Amino acid sequence: MNDAARVKMHARGLHAFYGRKEALCNVTLPIIDKRVTAIIGPSECGKSTFVRCLNRMHELGEGASVRGEVLLNGSDIYASGLDPAPLRRRVGLIAKRPNVFPTMNVRENVLSGLRLNGIVPADSDEVVERCLKRVSLWIDTKDRLLEPAVSLSIGEQQRLCIARTLALEPEVILMDEPCSLLDPIATAKIEDLLRDLCDTCAVLVVTHSVQQAARVSDFAAFFLLGALVEYSDTDTLFTKPGDARTEDYLTGRFG
Amino acid sequence: MVTSTFGVALGGAAGVALGFVLGMHLARMPERNRVERWLRTVVCIAAGAPPLAFALMMPYATLQRAFAALVLVFPLVTMMAEILVRRVPREVSDAALALGVPRWRALLIAVLPCAWPQIARGVAIVFTVVLFHLQGSFYETDAGGSLGQTTQDAITSLRLLVWTIASLALYALLRPFLSSLKLFR
């Protein structure tokens, strides 16, 4: 099956606003299933806004609004009357800064997505072990499951957040600069994890690091001033960019 | 004495419940529309009114005491709950919402436990204030009795002192327990 036939999500003509300010301008971008798509671009170019539009977190901001459509498996997630809560369970979002629940321990954090949604797993121990193993955190935390989640290191907390999202078995995982606060070792672990995650779902990662995008992604998109400048497979974008602005950014002339 | 305590406890509990619900609502609803603006105005006026309201109502019947306690408690609890819930980092509610949790559930189960110890402490302080305001009403007044005005004043001052110390002692005793409370877990 070719990649075009495996489009999991598709943003079409997407505009996003903060009040009257337009943060995203007519973005059309496919996200391919079981592949890693990276979004690169300088600060304030609309990368995070785009990601937040994909699971309808953007609209929670004061005065924020969206125009255009985003298709998930062919259905528009902005269709009128659609409840965003079930959608957010299908499209997980990992924030830049690890946001574990500070009043919960490690185990409760992994199960929090299920518990807060009123889902009682048949075997919660199995869910905890499976999700923590998936993010390579089981060995480090199996004896500390009842300790507060905030006692983990920042890198471990970020992986715990990913485990918490995985417990809901999402179809798409969005990551908004997941390594921006991490050291190189923790970053390497997250990057390894990205490759593993795309076995089961589509992954979209926003990153400031051009090198990281080149390392982990199959497809890459370059954003500038709220607009999508270029989208193609990673090799093409990095070796033969079709737009002079992309080349300037990749070669460090700006950004 | 028993009915006085019952009245104040009843009114105080109702005030805490009302204040808590209003505080939660205002914490997550910015000044978007008339209802929220009106609510904030009412709470601000009520927060400044208690001594005056207390003086006008002369709360010496159980129901009046209960109402006075309600008027004293609810604006303070509302303002406190709003401020303390707003102080919880936005990331906590965002994390819950990103997991597909509805807004109110996210507030109650993810955000509130972070603010709960401070809210519990604040409620204890509010009760201290209420006891301070209502301490005189716990006793039958006997303005026309044989005691002279000076003696009356001295007794009132003594009562005030005793109730203040008792309230602070109660708060100090409850403080470790309130701090260790972790509801909704």
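Would you mind getting me the FRET efficiency between residue A:225 and residue A:125? Use the beta-carbon distance for r and R0 = 45 Å, nearest 0.05.
Efficiency, from the Cβ-Cβ distance: 0.35.
If you take every DSSP beta bridge fully contained in the range A:1-152, what fraction is antiparallel? Give it as a percent rounded to 5.
Around 100 percent antiparallel, to the nearest 5.
Please list, by residue number, every one of the trypsin sites (Lys or Arg not before Pro) in the range A:12-46 that is coil in DSSP and has at most 14 other beta-carbon atoms within 10 Å.
When the trypsin sites (Lys or Arg not before Pro) of the range A:12-46 are filtered for loop state and at most 14 Cβ neighbours within 10 Å, A:20 remain.
Taking square-rooted eigenvalues a ≥ b ≥ c of the alpha carbon gyration tensor, is the range A:13-65 rounded, prolate or oblate, where a/c under 1.5 means rounded and, failing that, a/b exceeding b/c means prolate?
prolate
For the range A:141-255, with only Lys/Arg (+1) and Asp/Glu (-1) charged at the beta-carbon, what is the dipole magnitude about the Cα centre, in debye rounded to 20?
240 debye
So which of A:21/A:47; A:34/A:142; A:47/A:189; A:189/A:240 end up more than 25 Å apart by C-alpha?
A:34/A:142; A:189/A:240
If each of residue B:39 and residue B:129 carries a label point 7 Å out from its Cα toward its Cβ, how far apart are those two points in nm?
Between residue B:39 and residue B:129, the label points sit 1.9 nm apart.
So how do A:196-209, A:55-68 stack up, highest first, on mean other-Cβ count within 10 Å?
The densest-packed peptide leads the list: A:196-209, A:55-68.
Using only the alpha carbons of the range A:97-253, determine the length spanned along each of the three principal axes and report them from longest to shortest in whole angstroms.
Principal-axis extents of the Cα atoms in the range A:97-253, largest first: 53, 28, 25 Å.
Between the range A:1-70 and the range A:229-244, how far is it from one alpha carbon centroid to the other, in angstrom?
19 Å
Could you give the dipole magnitude of the range A:33-187 about its Cα centre, charging the beta-carbon of Lys and Arg +1 and that of Asp and Glu -1, in debye to the nearest 20?
For this selection, approximately 140 debye.
Residue A:251 to residue A:75: extension gain in nm, 0.36 nm per residue of separation minus the Cα-Cα distance?
Roughly 59.5 nm would be gained on extension.
Enter the mean number of other protein chain beta carbons within 10 Å of the beta carbon of each residue in A:47-54, as an integer.
0
For residue A:26 and residue A:139, what is the calculated FRET efficiency with R₀ set at 51 Å and r taken between the beta-carbons, to the nearest 0.05?
0.65
Across peptide A:90-102, what mean number of C-beta atoms from other chains lies inside 10 Å of a residue's C-beta?
Shielding by partners across A:90-102 averages 4.
Along the Cα-to-C-beta direction of residue A:146, a point sits 7 Å from the Cα; which residues of the range A:97-117 have their amide N less than 17 Å from that point?
A:104-111
Once you've got the GNM for chain A with C-alpha springs shorter than 10 Å, pick whichever of A:38, A:85, A:227 has the biggest mean-square fluctuation.
Taking springs between Cα atoms under 10 Å, the residue moving most is A:85.
Report for chain A the percent antiparallel among DSSP-assigned beta bridges with both residues inside it, nearest 5.
Counting only bridges with both partners in chain A, antiparallel ones make up about 60 percent.
By its C-alpha gyration tensor, with a ≥ b ≥ c as the square roots of the eigenvalues, how is the range A:123-179 shaped: rounded for a/c under 1.5, else prolate for a/b larger than b/c, else oblate?
Judged from the Cα gyration tensor, the range A:123-179 comes out oblate (a/c at least 1.5, b/c at or above a/b).
Which whole number gives the average count of other chain Cβ atoms within 10 Å of the Cβ atoms across peptide A:73-85?
Rounded to a whole number, the mean comes out at 1.
How far apart, in nanometres, would the label points at residue A:65 and residue A:235 be if each is projected 7 angstrom from Cα along the Cα-to-Cβ direction?
4.5 nm
To the nearest 0.05, how large is the calculated FRET efficiency for residue B:17 and residue A:44 if R₀ is 41 Å and r is the Cβ-Cβ distance?
It comes out at approximately 0.35.
Which value, in Å to one decimal place, does the Kirkwood hydrodynamic radius take for the range A:143-215 when every pair of different Cα atoms is included?
Kirkwood hydrodynamic radius for the range A:143-215: 13.1 Å.
Going highest first, how would you order A:130-139, B:37-46, A:165-174, A:40-49 by mean Cβ packing within 10 Å?
A:165-174, A:40-49, A:130-139, B:37-46
Taken together, the values in this text are just the output of simple stated rules run on the coordinates, not laboratory data. Given the structure is predicted, the values throughout are model-derived calculations rather than measurements. With ideal geometry, Cβ positions are generated from the backbone for all residues, glycine too; neighbour counts draw on all protein chains shown.
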